[in-house]
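Structure, as structure tokens:
The values are calculated or read from the model by the stated rules, or taken from the named source; none is laboratory data. This is a predicted model, so every value here is computed, not measured. Glycine gets a Cβ as well: all are built from the backbone with ideal geometry, and neighbour counts include every protein chain shown.
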Amino acid sequence: MTRLNDLEFHVEVEGSGPPLLLLHGFTGSVPSWDEVRSDLVRSAQVIALDLIGHGLTASPVDHRRYTLEWSARDLTALLDALGLETVDVAGYSMGGRVALHFATARPERVRRLILESASPGIEDEAERQRRIQSDEALAQRIVTRGIAAFVEEWERQPLLEPAPHVSAERRAAQHAQRLTNRPLGLANSLRGMGSGQQAPLWSSLRDLRLPVALIVGQRDARYRDIASRMRERLPAATLWSVPDAGHTVHLDQPRRFVDLVASVLGGEPDFGP
């Protein structure tokens, strides 16, 4: 465990090469990356951590400790603890929002940004307020009904359905990993850094000068559209739409995901504006 800003965080570091920070999605943890991590370490020193309220990391009672602003401070403290000036950052879904916020708040600490199925936030204020309300209702259900009932509900969302070719074994591993989370941690994650709580970053994208790779699944129409709009605004971005993949590209197409990340880390010519 690593203590960052007075909280205990579960952090795993392996491999050598350019440091790559992995940020999982909501309900995820370090094992969420198991399908790709052993291959990623061939190209990078992989740093994976459980975000606040997830996995083995602390789950504070006060939801105000879970904001994206606090996450940026925690990641800054992590880099300081590891003696790293800069890192490449890859974030999936909620982790992508954390990564984008970190890169916007501390661009001098991020070399390259890899966003998998991520969003800069909800622009419409009325929609944001509706999302805050729905997230609070979900948070209350998590606490009152428990993890097992919540995970069953969560996995019924069409957005999160793995691609048809994903094996029963891999689906079961993902389900088991989600069950390791604690109700309070997930509930407060929604309350502190749910999509409704995120201040929209759309207007800040043009100021983000570092290279950004946008990875989405072809089966995920919603996030394909978001990624296309992001690419139009980012000064140095590449968009990859991965066939036979949905929202969780690294689960649906792990080999392709690893190849794309390796191409970013290697600075291949097709990565650029």
Go through segment 245-268 residue by residue and tally those that are within 17 Å of Pro162 (Cβ to Cβ) and either of a type in the set (S, T, N, Q) or assigned to a loop (DSSP other than H, G, I, E, B) (or both). 5
What pairs come up if the first residue lies in segment 190-201 and is in contact (Cβ under 8 Å) with a residue 40 or more places away in the chain and under 14 Å from Thr27 (Cα atoms), the second is in a loop (DSSP other than H, G, I, E, B) and not β-branched (Val, Ile, Thr), and their beta carbons are under 6 Å apart, counting only those six or more places apart or on different chains? none
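Here's the yes/no breakdown for (1) more than 20 Å from Gly194 (Cα to Cα); (2) in contact with a helix residue (DSSP H, G or I) (Cβ under 6 Å, 6 or more places away or on another chain):
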| residue | (1), (2) |
| --- | --- |
| Trp70 | no, no |
| Asp80 | yes, no |
| Leu115 | no, yes |
| Glu136 | no, no |
Return only the number of the condition from (1) among the hydroxyl-bearing types (Ser, Thr, Tyr); (2) farther than 20 Å from Leu115 by Cβ; (3) modelled with pLDDT of 95 or more that Ser71 does not satisfy. (2)
Ala237 being at pLDDT 95 or above and over 20 Å from Leu40 (Cα atoms): yes
Residues within segment 29-64 that are farther than 13 Å from Ala262 by Cα, within 18 Å of the chain's Cα centre (by Cα) and assigned to a helix (DSSP H, G or I), tallied: 6
Scanning segment 197-244 for residues that are among the basic types (Lys, Arg) and part of a loop (DSSP other than H, G, I, E, B), which turns out nearest to the chain's Cα centre (by Cα)? Arg219
Just to be sure before I move on: is Gly96 modelled with pLDDT of 95 or more and either farther than 26 Å from Leu265 by Cα or of a type outside the set (S, T, N, Q) (or both) in the structure I sent? yes
Filter segment 240-270 for residues that are among the charged types (D, E, K, R) and modelled with pLDDT of 95 or more and give the result. Asp244, Asp252, Arg255, Arg256, Asp259
How many residues are under 15 Å from the mean Cα position of the chain (by Cα), small (Gly, Ala, Ser) and farther than 18 Å from Asn188 by Cα when one looks only at segment 67-95? 2
Answer yes or no as to whether Ser71 is crowded, with 24+ Cβ neighbours inside 10 Å and either on the phi > 0 side of the Ramachandran plot or touching a residue at least 24 places away in the same chain (Cβ under 8 Å) (or both). yes
Single condition Glu153 does not satisfy, out of (1) closer than 20 Å to Arg256 by Cα; (2) assigned to a helix (DSSP H, G or I): (1)
